[in-house]
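> Structure in structure tokens, see below.
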Amino acid sequence: MRVSRIAIATGVAASTVLLLAGPAAAHVSVQPQGEAAKGGYATLNFKVPNERDQASTVKVEVNFPADHPLSSVTPEAVPGWKIDITKGKLDKPLEVHGKKITEAVSKVTWTADGSKIAPGYFQQFPVSVGQLPEDADQLVFKAIQTYDNKEVVRWIEEPTAGGEEPDSPAPVLKLSAASEDHHGGGAAAKAGEDDHKADDKAASAEGDKKETHAASSSSSDTTARTLGIIGILIGVAGVAFGVLAGRRRNA
């Protein structure tokens, strides 16, 4: 009998631990599509689960790290959600592809507009970002989740030095090592670089086309003028010949 009581007590204690640990595991998180390499570009998915049984999530705010600002942040359209992008001035401008960037996205907000995250469901919010920092191993995105019953949950606690997960952990993106070409991001970075090269080639080709057209037009104008002058001279010679022939007949 005593053994049974101990077993029951142990089971209740274990169930309590599981119940307490359950909500912590279902927090807002971030994962890259593919890899997120240092110095590269990536598409990130912010996964937002609904943790309440009697309320739905109607608003999600994701704050971008101020200590490692990203020059490019482009959210993907999500049906039923309105997107607001907040930008802020940078204390130290960024230099990307030879251009100075003086402001960067500080926050992206998704607000329900005909949709919501109901109990028992989750929603992913994709964002294309870059250029990822080369001097960091991870990025912390503090998130705020709002329910339709006015409850607000702040996922803003950063990981501890001991590796223990806090009660309300912020989404953390782990960065992988940069690729050998020092651009990182794998196919995404290469695609971006190829796009820039394609734009440069297109601009160069367009310039060559314009120069060729201008040269052709100039040559055509010169030829037309020459033929016109020759035609005038032939006409004048014809008139003179006619006049002389008439005089000879009269004589």
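The values are calculated or read from the model by the stated rules, or taken from the named source; none is laboratory data. Every value quoted in this text rests on a predicted model; they were computed, and no experiment measured them. Every residue, glycine among them, receives a Cβ derived from its backbone with ideal geometry; neighbour counts consider all protein chains shown. In case anyone asks, the SASA skips ligands and DNA or RNA and just uses the protein heavy atoms, side chains included. Shrake-Rupley method; radii C 1.70, N 1.55, O 1.52, S 1.80 Å.
> Kindly indicate whether any position in the stretch 82-104 is open to solvent by less than 40 Å² (accessible area, probe 1.4 Å) and within 16 Å of PHE46 (Cα to Cα).
no
> Moving on. Restricting attention to the stretch 50-80, which residues are open to solvent by less than 20 Å² (accessible area, probe 1.4 Å), in a strand (DSSP E or B) and farther than 17 Å from VAL140 by Cα?
THR57
> State whether one or more residues within the stretch 90-103 are in contact (Cβ under 8 Å) with a residue 24 or more places away in the chain, in contact with a strand residue (DSSP E or B) (Cβ under 7 Å, 6 or more places away or on another chain) and of a type in the set (Lys, Arg).
No: the stretch 90-103 contains no residue that is in contact (Cβ under 8 Å) with a residue 24 or more places away in the chain, in contact with a strand residue (DSSP E or B) (Cβ under 7 Å, 6 or more places away or on another chain) and of a type in the set (Lys, Arg).
> Does GLY34 meet the test of being in contact with an Asp or Glu (Cβ under 9 Å, 6 or more places away or on another chain), within 23 Å of PRO133 (Cβ to Cβ) and among the small types (Gly, Ala, Ser)?
no
> Another question, if that's okay. So in the stretch 126-172, with the set limited to residues that are assigned to a strand (DSSP E or B) and small (Gly, Ala, Ser), which one is nearest to ALA55 (Cα to Cα)?
Only one residue fits best here, namely ALA143.
> May I ask you to list the residues in the stretch 34-49 that are open to solvent by less than 20 Å² (accessible area, probe 1.4 Å) and more than 17 Å from ASN149 (Cβ to Cβ)?
Correct list: ALA36, ALA37, GLY39, GLY40, ALA42, LEU44, PHE46.
> While we're on this one: Condition check: buried (at least 17 other Cβ atoms within 10 Å of the Cβ), out of contact with any helix residue (DSSP H, G or I) (no Cβ under 6 Å at 6 or more places or on another chain) and modelled with pLDDT under 95. Does SER204 satisfy that?
no
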